[in-house]
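Below: one structure, written as C-alpha cells.
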Amino acid sequence: MPRKLYSAIDQISRERGIPHEVLLNVLEVALLSAVRKKFGDRNNVRVRIDPKTCDIQVFEAKQIVENVSKGDKEIALEEAKEIFPDKITGDTVEIPIHLHDLGRIASQTAKQVLLQKVREAEKDIIYEEFKDKVGQIVSGTVLRKERGNYYINLAKIEAVLPQKDTRPTETLRRGDIVKAYLSEVEQTPKGPVIMLSRTTTDFVIGLFKIEIPEIQEEIVVIKEIAREPWERTKLAVYSHDPSIDAVGACVGMKGTRVQSVVRELRGERIDIIPWSDDPRIFIARSLTPAVVNRVGINEEEKTAMVIADDQQLSLAIGRHGQNIKLASKLTGWEIEILSESEYSKIKIEEADRTLSEAIKEEATDNI
C-alpha cells in the first residue's frame, strides 16, 4: 500500500505540478475527514503520513482515567496499561485506528475530499505562478472564440483575450499561436482568471524587451511611449551608454529588430526617436517623420508652436491628425503647427497692425 501510494503521489506531482508535501497534506486532510465521518465527527482524531515512506497512521487521542464516563475521549487505566505500560492516570495516549475499518461511505468521503483538495491546490499553484507573470508577454494557442472573447491555452490554464483587445480586422482561428500582454490575474471561487491584451502600450514595450538585448540589460530605456493601436506607435528611447545608439539598437541591422515587432503588431507603423530633456528638441523629434524648422514653447501653459515647411505640414499633422496627437501624447505638450507661409502671413499681418498703430499714435501727437 505505501509503495503504490507513493507512486501515485509522485505521478500526480509530476503531471499537475503539485509538490509532494502539498499532496501529503491534502491526503491527510482527506483521510481525517473520512475518519471523522466514520466516528461521528470526533475532534480527537489524528492522521499522520510519513513523508518518506507514505506509511499512514490514524489515532484517536484519549485521556487515561480511573472510571470511564466518555468512551470516545477516555480510556480506563487498566486498558491503557496493556498498550502503554509506563502511562499513568491523567496522561493522554493515541490509540491506533485501522484503516480497513473505515467503511465504504467514509472511503468515498476521503476520495471526494482528496479530489477537491487537489483541485484547490492546483488553482493556488497556478494563481501564484501567473501572479508573478503580470506585466510580461506570454505566448499561447487559440482554443476557441466565445461571447466576444478568445480563450488562449497557456499550457496549464485557459486565459481570456477579449476581442476588443485585438486588431478589429483580425480573426484568430483555433490553433493560431499568439503573443499577448498578461494584464491581470484574479483569484475567483472557480479558480484563477487570467486576462490578456494586445492593444495596451505595455504590449509594445514587452515586445521590444524581447527583441532588444540592450533594453533587457537596461542599457537602453524606453523613456516615453504613445500608441494608437494597430495604426502607429511612437517611442522615445535613451541610452545610458554614450557608445550605444539607442535608436540604432532598437532598429537593428537592416531594420531586423523593429521589423520583428512590426510583424507581431500586424504592420503597425513605429516611429523610434531619441529622447531629449530639451522640450524644443524633443517636440521637434516627436513629429517624425516630418522635419520641422522652428519650435517655440510656453513653459507655464506647456504649449508649443511648431513651424514647418509647407510641404512638411500635412506629414507633421498626419492622417486625421494622428501624428500630431501622438506627438502631444508622447511629449506631454499641447502642440500647434503652422506652415511657413501661414506663419509669414501672420507675421506680415502683425507688422501691418503694428505700423498702423504707430501711424495713428504719431498723427494723434501732431494734433
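Quick notes on this structure:
- Helices (runs of 4 or more DSSP H) wholly inside segment 208-279 that include at least 3 residues being within 26 Å of the chain's Cα centre (by Cα): 213-216, 256-264
- Segment 191-204, residues that are under 18 Å from residue 263 (Cβ atoms) and within 13 Å of the chain's Cα centre (by Cα): 198, 203
- Strands (runs of 3 or more DSSP E) lying entirely in segment 1-84 (those with 3 or more residues that are at pLDDT 75 or above and over 28 Å from residue 125 (Cβ atoms)): 56-65, 74-76
- Restricting segment 128-156 to residues that are in contact with a Gly (Cβ under 8 Å, 6 or more places away or on another chain) and surrounded by 13 or more Cβ atoms within 10 Å (Cβ to Cβ) leaves a set whose member that is modelled with the lowest pLDDT is 156.
- Residue 165 being within 23 Å of residue 267 (Cα to Cα), surrounded by 14 or more Cβ atoms within 10 Å (Cβ to Cβ), within 12 Å of the chain's Cα centre (by Cα) and of a type in the set (Asp, Glu): no
- Within segment 183-207, the residues that satisfy the criterion of being in a strand (DSSP E or B), in contact with an Asp or Glu (Cβ under 6 Å, 6 or more places away or on another chain) and crowded, with 18+ Cβ neighbours inside 10 Å are 195, 197.
- Cross-chain or 6+ apart pairs with Cβ under 8 Å, segment 219-244 first and over 16 Å from residue 283 (Cβ atoms), then among the aromatic types (Phe, Trp, Tyr) and part of a strand (DSSP E or B): 220/238; 221/238
- Members of segment 56-95 that are touching a helix residue (DSSP H, G or I) at 6+ places or on another chain (Cβ under 9 Å), under 26 Å from residue 28 (Cβ atoms) and not β-branched (Val, Ile, Thr): 60, 62, 87, 91
The values are calculated or read from the model by the stated rules, or taken from the named source; none is laboratory data. Keep in mind that this is a model prediction, so the values were computed, not measured. All Cβ positions, even for glycine, are placed from backbone atoms using ideal geometry, and neighbour counts span all protein chains on display.
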